[in-house]
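Contents: one structure, followed by commentary.
Rule-based calculations on the coordinates, nothing more; no lab input. What you are looking at is a predicted structure, and each value in this text was computed from that prediction instead of being measured. Note that we place each Cβ from the backbone using ideal geometry, even for glycine, and neighbour counts take in every protein chain shown.
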Amino acid sequence: MPSIAVPLGTHTGWNVYREQPCELCDRDGSFIPFAAEREEREAAGDPRPSLDERYGSLDAYVAKVKTAADLLVSERLLLPADAAGYVKAAESRDRL
């Protein structure tokens, strides 16, 4: 999916949580967002590249989302309407 191919953070298949009996609602995984800029990333000690380091600009990010969505449409793995939704969501961001 475009949100995995052009990520805004790390998606995990697990969660860090305090054990609670019968608690199943947190088994879907976590999302850990990337820092917006290099300085923020370095201050936090995060080794993952920031959004700015990854994409450089909002326009570049949107272009990568569109490319990922178009590829999935061409492979018949994503409907054109759903691809347009991913691109629209990327375009509607006010910043990286």
Item checked: For A36, residues with placed amide H under 5 Å, excluding near neighbours -> L51
Notebook entry, point to check: What FRET efficiency would be calculated for the residue pair E75, S3, taking the C-beta separation as r and a Förster radius of 25 Å, to the nearest 0.05?
Noted result: 0.90
Margin query: What's the ranking of 40-49, 62-71 by average number of surrounding C-beta atoms within 10 Å, highest first?
Written below: 62-71, 40-49
Check: Radius of gyration and Dmax for the chain's Cα atoms, expressed in Å?
Finding: 16.0, 46
